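The values are calculated or read from the model by the stated rules, or taken from the named source; none is laboratory data. Since the model is a prediction, treat every value here as computed from it, not as a measurement. Note: ideal-geometry Cβ built from the backbone for every residue, glycine included; neighbour counts use all protein chains shown. Note: accessible area is taken over every heavy atom of the protein model, side chains too, but ligands, DNA and RNA are not part of it. Shrake-Rupley method; radii C 1.70, N 1.55, O 1.52, S 1.80 Å.
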Amino acid sequence: MEKVAIIGIGQTKFGEHWKYSLRDLMAEAGKKAVDDCGIAGKEIQAIYGGTMSAGRMIGQEHIGALIADAMGLTPIPSTRVENACASGGTALREAYLAVSGGHYDMVVAGGVEKMTDVYTDQASLALGGAADQEWEVFFGATFPSLYALIAKRHMYEYGTTEEQLARVAVKNHHNGALNPLAQFPFEVSIEQVMESPKVAEPLKLLDCSPITDGAAAVILANEETAKKIADTPVWINGSGQASDTLALHDRTNICTLNASVVAGKKAMKQAGVTPKQIDLAEVHDCFTIAEICAIEDLGFVKKGEGGKSMEDGMFDLNSSISINPSGGLKACGHPVGATGVKQAVEIAEHLRGEAGKRQVENVEIALTHNVGGSGASCVVHVFSRGGN
Ligand code: COA
């Protein structure tokens, strides 16, 4: 297998982009990534583009071709990757597999979503496409309500409190306030989270990730190419993916996202690291309870200890493990197809020492964790500056 590195990164500001189309957003992120490593577009040999719901949000399918067109990269092969909210992370993995398998020297993994052109109820319906239509959505479930069920059960099983959930939002908004590309770059207090309008009890507005427009891109290269082009290549040392039942009710224990457990173990095993060695992680906090489950499922703490550890500040910026320095999905925003790629952009900035005010100090090993739906898909990657 070839070693694979990220050599170029690009991201648009996340938010509500009235003036820009999906095509404009993807082109901007792609151009930034190409400029970042100073290559010519024609050196790129293939595109993997993550998007979840362009058809329902903006009426546009055939996104693979649209991305090649928007980035001026025709006629190279360009493939859309759809895996719900894990579309971006899965595009990154497909790109990684293509380069590590020796098929290409240099490819781009992109992710994009344009969600604010429709009203929230329409966006919720489109997002609901990632849940079980027959057994969940038909009965009125939305993603906030599915994660609310997980939260309720976690509180019952382990004594997790609403304040501990709120602490996730407080931390991520603190980090997001340091990120110029975040959708909601402002601090919030526990009281503000607790007093924000209820969405699906016990989750409130400030426990939820928002509806977002945005795009991100990374350029991957094999070792020979990466060493020629990049001063600080960011190596992908492990890549794991797993699936689970689509519906929550089919799981033995809804507080554990087994796809996260399996994908995390696979990626860390390939990288030859343990959870204790991870300095920084971008995890999938689509709701505050999702971050609690993620830190437990990835093995950073034991099952049931996530809430208390969060309260104790174990995952704050530059603490034991810095979790979601970008602000996470909560404060940076969650353009679903772009999120998994944005997580890799964020990691690369930290490993290159270019993350500005939110820079995690002495970071050597970092991880991304991108979930689809209520945990039916998960993709985990492990990165380092030094390679395997
Ligand atoms: N965090 C912080 N502020 C938020 C926010 C969020 N998640 N969502 C909206 N806001 C703010 C808006 O900026 C707006 O502020 P303003 O009044 O100062 O302009 C205000 O709250 C109301 O925004 P609005 O867009 O009307 O909210 P909404 O009620 O239509 O939608 C949610 C709120 C939480 C229902 C929506 O963001 C949502 O569905 N989120 C979950 C998305 C999801 O399921 N993703 C997939 C995960 S698997």
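Trypsin sites (Lys or Arg not before Pro) within region 270-333: which are DSSP loop residues with at most 14 other Cβ atoms inside 10 Å?
Sites meeting the loop and neighbour criteria: 302.
Mind pulling the per residue volume of the convex hull built on the Cα atoms of region 142-271? Å³ is fine.
Normalising the Cα hull of region 142-271 by residue number yields 161 Å³.
In square nanometres and to one decimal, what's the mean projected area of the convex hull around the Cα atoms of the chain?
Taking the Cα atoms of the chain, their convex hull projects to 16.4 nm² on average.
Collect residues whose amide H, placed 1.01 Å from N in the peptide plane, falls under 5 Å from the amide H of residue 46; neighbours closer than 5 in sequence don't count.
For residue 46, the qualifying residues are 108.
Accessible area of region 61-212 with a 1.4 Å probe: how many percent of it is carbon plus sulfur? Write down the numbers at each step before the final one.
On the way: 3620 of 6490 Å².
With neighbouring chains kept in place, the figure for region 61-212 is 56 percent.
What longest range of the chain stays clear of loop-exposed chymotrypsin sites (Phe, Trp or Tyr not before Pro) (DSSP non-H/G/I/E/B, at most 13 other C-beta within 10 angstrom)?
Answer from the scan: 187-388.
Quick one: which residues, 5+ away or cross-chain, put their amide H under 5 Å from the amide H of residue 81? H built at 1.01 Å from N.
Those qualifying (amide H under 5 Å, at least 5 residues apart or on another chain) are 49, 50, 51.
If you find the alpha carbon centre of region 171-220 and of region 288-355, how far apart are they in angstrom?
For region 171-220 versus region 288-355, the Cα centre distance is 12 Å.
Return the subset of 171/302; 32/330; 42/269; 228/330; 42/266 for which the Cα-Cα distance in this structure is over 28 Å, preserving the input order.
Values: 171/302 20 Å; 32/330 24 Å; 42/269 35 Å; 228/330 37 Å; 42/266 34 Å.
Too far apart for the 28 Å limit: 42/269; 228/330; 42/266.
Using amide H atoms built 1.01 Å from N in the peptide plane, name the residues 5+ places from residue 199, or on other chains, whose amide H lies under 5 Å from its own.
204, 205
For region 51-131, just the Cα atoms, rotate onto the principal axes and tell me the three extents in Å, largest first.
44, 26, 14
Expressed as a whole number of Å, what is the distance separating the alpha-carbon centroids of region 38-89 and region 115-143?
24 Å
Relative contact order of the chain, please, whole-number percent, based on alpha carbon pairs below 8 angstrom and at least 6 residues apart.
Over the chain, the number comes to 26 percent.
Work out the charge dipole of the chain with +1 on the Cβ of Lys and Arg and -1 on the Cβ of Asp and Glu about the Cα centre, then indicate which of 135, 146, 355 is farthest towards its positive end.
355
Once phi is turned into ³J(HN,Hα) by the Karplus curve 6.51 cos²θ - 1.76 cosθ + 1.60 with θ = phi - 60°, what whole-Hz value does each residue of region 199-215 show in order, with x for glycine and proline?
For region 199-215, the Karplus curve yields 9, 8, 3, x, 8, 10, 3, 7, 8, 9, 6, x, 8, 9, 9, x, 8 Hz.
Express the accessible area of the chain per residue in Å², computed with a 1.4 Å probe while the remaining protein chains stay in the model.
37 Å²
Which whole-number percentage describes the relative contact order of region 46-144, with Cα contacts under 8 Å and a sequence gap of 6 or more? Please report the intermediate quantities before stating the final value.
Working: 147 pairs, mean separation 33.4, N = 99.
With pairs under 8 Å counted, the relative contact order is 34 percent.
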